[in-house]
Amino acid sequence: MSPWSRKPLPRILSAALALLILSQAALLPAAADKPLREQFGQSDVPVDYEYNQSAKYAYYMDVLEEYDEYGYAPAGTEPAAYGIAQIQAENQPEAASYDGREALLWDDGAGYFEWTVTAPKSGLYRLELDYYMPEGVEEEAVRTLTLDGSTPFYEANNLTFAPLWKESGKPVANSLGDEVWPEQETVPRWITADIQDPNGLYAEPFAFYLEAGEHTFRLEYVHGTMAVGELRLLSSDPLPTYADISAGYDAAGYTEAPAGTLTLQAEDIVAEKNDSSVRREYDGDPLTVPQSLYNRRLNVLGGYRWRLGGQSVTLSFTVEQDGLYKIGMRCLQSWNDGLPSYRKIRVDGEVPFEELLAYRFAYSSKWQTETLRGQDGEPFLFYLKAGSHTLTMEVTAAPYTDVIYSLNDDTLALSTMIRDIQEITGNEPDPNYDYKLFKTIPTLKDDLQALADSMQYKYDRICSMAEKTPAMANNFLTIQAQMEAMIEDDYVIPRRIDDLENAMTSLGNWYQELQSQPLMLDTLMVGSPSDTWVHKNSSLLSRAWATLVNFFLSFTKDYDNVGSVLAEDTEVKEILNVWVAYGTEWAEQIKELADIQFTPETGILVNVNVLPSGQLNACLLYTSPSPRDTERS
């Protein structure tokens with residue numbers, strides 16, 4: 001007798017299980033019968049594997065490619081201004097005067113502001129908006145933009161209008177002799193803002209293609225308060241090149257400024273900035289002025305805090321005579337592992353020529369003197385009239401934009417790919433079972449190949465820009481090799497699912513890191529083209545001496561105690577000792593707030609100390625109840 005006839009129940013269960021597996025396998029190809037790049041709306045880039053997963057909106061870079069494809073050109077029309085009388089708003093606010101100009105205050109009471117504009121002819125246009133941050137408003141305002149009722153591209157969903165900041169005073173020394181950061185205050189003035197990408201992924205303002213006739217631009221409220229003034233519709237004309245600008249110098253009768261270089265400490269000439277977190281820092285290089293050796297001196301500007309797209313700093317300076325000047329700075333860019341950082345540079349509020357839309361600051365582990373110059377090495381010359389001028393430097397990652405979006409798309413594609421694989425293999429696949437993934441997921445092989453090609457594209461792009469091969473580029477090659485091994489044999493894919501997950505994590509990290517563009521400034525130099533600027537690096541001996549001084553200082557200086565900035569005439573009635581389990585910077589801010597506000601009002605002196613990490617662990621171990629104590633309680 002057959003064993004199956006003696007055990008009908010197992011036979012029935014086995015047959016049912018086989019039918020279930022076959023039915024699920026038949027359904028799987030239908031769920032994955034389209035390549036990922038088609039599922040997510042492919043965006044055109046120089047590789048054959050890109051998929052815009054930014055919901056239903058195209059990236060602005062894809063829109064720019066369409067402009068080129070269809071031959072759209074700047075409209076070439078005169079600017080048209082639309083005042084507050086032309087604003088249509090939900091719950092229309094009353095007009096009010098701000099610094100002598102009429103405006104509409106826009107807070108959460110109005111859902112949108114809308115303008116109907118007239119395009120004299122078909123072509124590309126851009127927008128400018130005048131806004132004012134009322135007193136007491138310290139947060140940026142966030143709005144979304146629609147054109148004729150539709151979102152024109154993904155980046156229009158997040159437009160920011162930031163307040164301006166400045167230091168309320170100069171740094172002061174605390175009781176330990178270390179300088180402390182001055183307080184920040186907003187700058188109440190009208191601001192003219194281009195409608196542009198707030199993350200600095202595009203160097204130029206957004207361009208909108210308008211057919212001749214009427215169109216409606218709407219800004220919708222997301223967050224924050226601001227007063228809105230005039231909106232201007234301008235032709236999206238390209239900037240001239242430096243060659244175009246300099247060709248007119250002789251005809252205009254411009255001559256070189258007289259010999260002599262104006263050298264200014266960058267941290268002392270900050271007129272305004274659009275992010276309060278960009279501030280003075282301290283650097284221990286012996287040649288940085290003033291020296292930060294025995295005590296901390298806030299002797300530089302920016303650094304790692306000045307790295308996010310859209311962050312801008314405006315420096316002010318004065319020249320004595322009209323003429324052509326060159327501009328340079330002592331700077332440090334040692335954060336990006338061989339990759340350059342970029343800044344959009346404005347002189348007196350305007351980008352003078354195309355080469356300054358995304359100016360390159362090369363990677364170097366040492367300080368360098370950078371003269372603003374062209375690819376031929378010749379310095380750019382700027383015509384400046386006698387008087388005050390400004391130099392604005394804004395963080396931009398525009399040269400990396402295609403790679404950044406590619407990283408984002410690849411990360412999302414890997415997530416989808418891993419999900420599809422695990423639907424078949426489960427979270428703990430059998431390493432000895434052949435799932436035949438290329439049959440059950442028909443698009444998997446092509447998607448893996450497309451990812452491998454994408455890694456090669458990113459490797460080539462990054463290496464072409466870097467001073468040395470960064471770890472990021474090597475990681476792209478590693479991921480590419482992993483993809484190619486899986487393409488060769490789909491049997492190994494379930495066992496190497498961790499490689500896909502690690503690749504997804506790495507690409508996500510590089511996506512964030514590539515948008516980071518740090519730069520530190522020590523001095524700003526403005527001088528005659530005939531002046532010679534010789535860069536000097538600190539010697540090995542001077543650096544060794546600074547290291548030795550800091551070593552011996554560590555035996556005498558109390559790094560756990562936070563210095564005081566309390567006024568000498570403050571009456572103290574009581575003393576409170578506080579231990580803070582945070583970094584020194586946090587403790588200094590707490591101490592400063594206590595000395596400036598709390599102690600003068602209450603008479604209670606607060607001594608703030610930083611709890612060393614070793615003591616913190618010991619304290620936690622000592623105070624944590626044991627399981628037995630927990631049961632007793």
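Among the residues of the range 432-462, those that are at pLDDT below 95 and farther than 20 Å from residue 419 by Cβ comprise 432, 434.
Tallying residues that are under 14 Å from residue 211 (Cα atoms) and in a strand (DSSP E or B) within the range 109-121 yields 4. Among the residues making up the range 307-331, those that are assigned to a strand (DSSP E or B), open to solvent by 10 Å² or more (accessible area, probe 1.4 Å) and within 25 Å of residue 201 (Cα to Cα) are 312, 314.
Of all residues in the range 350-365, those that are open to solvent by 40 Å² or more (accessible area, probe 1.4 Å) have Cβ atoms under 8 Å from Cβ atoms of residues that are modelled with pLDDT under 95 and of a type in the set (A, V, I, L, M, F, W, C), 6 or more apart or on another chain, in 363/466. Scanning the range 512-521 for residues that are open to solvent by less than 70 Å² (accessible area, probe 1.4 Å) and either free of Cβ contacts under 8 Å to residues at least 60 places away in the same chain or touching a Cys at 6+ places or on another chain (Cβ under 7 Å) (or both) returns 519, 520, 521. Taking the conditions (1) over 23 Å from residue 373 (Cβ atoms); (2) under 27 Å from the mean Cα position of the chain (by Cα); (3) of a type outside the set (A, V, I, L, M, F, W, C); (4) not in a helix (DSSP H, G or I) in turn, residue 295 satisfies each one other than (2). Residues being assigned to a strand (DSSP E or B), modelled with pLDDT under 95 and either in contact with a Leu (Cβ under 9 Å, 6 or more places away or on another chain) or among the aliphatic types (A, V, I, L, M) (or both) are entirely absent from the range 139-159. Pairs linking a residue in the range 158-170 that is within 10 Å of residue 186 (Cα to Cα) to a residue that is among the small types (Gly, Ala, Ser), with Cβ atoms under 8 Å and 6 or more positions apart or on different chains, are 165/276; 166/271.
Residues that are at pLDDT 85 or above and closer than 30 Å to residue 170 by Cα number at least 2 in the following helices (runs of 4 or more DSSP H) confined to the range 514-633: 584-593, 599-602. Residue count for the range 276-306, restricted to those that are surrounded by fewer than 21 Cβ atoms within 10 Å (Cβ to Cβ) and within 15 Å of residue 519 (Cα to Cα): 6.
Checking each residue in the range 383-393 for being surrounded by fewer than 21 Cβ atoms within 10 Å (Cβ to Cβ) and under 18 Å from residue 344 (Cβ atoms) picks out 389, 390. Listed conditions (1) surrounded by 15 or more Cβ atoms within 10 Å (Cβ to Cβ); (2) closer than 30 Å to residue 379 by Cβ; (3) of a type outside the set (A, V, I, L, M, F, W, C) are all met by residue 532, apart from (1). Does residue 434 satisfy the condition of being in a helix (DSSP H, G or I) and either small (Gly, Ala, Ser) or free of Cβ contacts under 8 Å to residues at least 60 places away in the same chain (or both)? In short, no. Whether any residue in the range 436-455 is under 23 Å from residue 397 (Cβ atoms) and surrounded by fewer than 19 Cβ atoms within 10 Å (Cβ to Cβ) is what I want to check. No, the range 436-455 has no match at all. Tell me, yes or no, whether the range 171-185 has at least one residue that is open to solvent by less than 30 Å² (accessible area, probe 1.4 Å) and at pLDDT 95 or above. No; the residues of the range 171-185 include none that is open to solvent by less than 30 Å² (accessible area, probe 1.4 Å) and at pLDDT 95 or above.
Residues that are closer than 27 Å to residue 92 by Cα, touching a helix residue (DSSP H, G or I) at 6+ places or on another chain (Cβ under 9 Å) and among the aliphatic types (A, V, I, L, M) occur in the range 132-151; there is at least one.
For the range 487-537, a residue qualifies if it is under 25 Å from the mean Cα position of the chain (by Cα), of a type outside the set (Gly, Ala, Ser) and more than 25 Å from residue 393 (Cα to Cα), and the qualifying residues are 502, 504, 505, 507, 509.
Of all the residues in the range 233-256, those that are open to solvent by less than 80 Å² (accessible area, probe 1.4 Å), in a helix (DSSP H, G or I) and among the aliphatic types (A, V, I, L, M) number 4.
Among the residues of the range 122-136, those that are assigned to a loop (DSSP other than H, G, I, E, B) and open to solvent by less than 30 Å² (accessible area, probe 1.4 Å) comprise 133, 134.
A count restricted to the range 463-511 and to residues that are in a helix (DSSP H, G or I), open to solvent by less than 40 Å² (accessible area, probe 1.4 Å), in contact (Cβ under 8 Å) with a residue 60 or more places away in the chain and not hydrophobic (A, V, I, L, M, F, W, C) stands at 2.
Annotation note: of 401, 416, 371, the sole residue that is open to solvent by less than 30 Å² (accessible area, probe 1.4 Å) and at pLDDT below 95 is 416. Here residue 217 fulfils each of the conditions (1) farther than 25 Å from residue 518 by Cα; (2) touching a Ser or Thr at 6+ places or on another chain (Cβ under 9 Å); (3) open to solvent by 50 Å² or more (accessible area, probe 1.4 Å); (4) of a type in the set (Phe, Trp, Tyr) apart from (3).
Only one of the numbered conditions (1) modelled with pLDDT of 95 or more; (2) open to solvent by 30 Å² or more (accessible area, probe 1.4 Å); (3) within 30 Å of residue 221 (Cβ to Cβ) is not met by residue 57, and that is (1). Exactly one residue out of 96, 103, 85 is in contact (Cβ under 8 Å) with a residue 12 or more places away in the chain, under 16 Å from residue 228 (Cα atoms), open to solvent by 30 Å² or more (accessible area, probe 1.4 Å) and not in a loop (DSSP other than H, G, I, E, B): that is 96. Out of all the residues in the range 200-211, is one or more surrounded by fewer than 14 Cβ atoms within 10 Å (Cβ to Cβ) and among the acidic types (Asp, Glu)? The answer is yes, given that some residue of the range 200-211 is surrounded by fewer than 14 Cβ atoms within 10 Å (Cβ to Cβ) and among the acidic types (Asp, Glu). Among the conditions (1) touching a residue at least 40 places away in the same chain (Cβ under 8 Å); (2) closer than 24 Å to residue 300 by Cα; (3) open to solvent by 20 Å² or more (accessible area, probe 1.4 Å); (4) part of a loop (DSSP other than H, G, I, E, B), the only one that residue 334 does not satisfy is (1). Taken together, 370, 354 contain a single residue that is touching a Cys at 6+ places or on another chain (Cβ under 6 Å) and over 23 Å from residue 164 (Cα atoms), which is 370.
The values are calculated or read from the model by the stated rules, or taken from the named source; none is laboratory data. Computed from a predicted structure; not experimentally measured. We place every Cβ from the backbone using ideal geometry, glycine too, and count neighbours over all the protein chains shown. When the accessible area is computed, the model is the full protein with side chains, heavy atoms only, and any ligands, DNA or RNA have been set aside. Shrake-Rupley method; radii C 1.70, N 1.55, O 1.52, S 1.80 Å.
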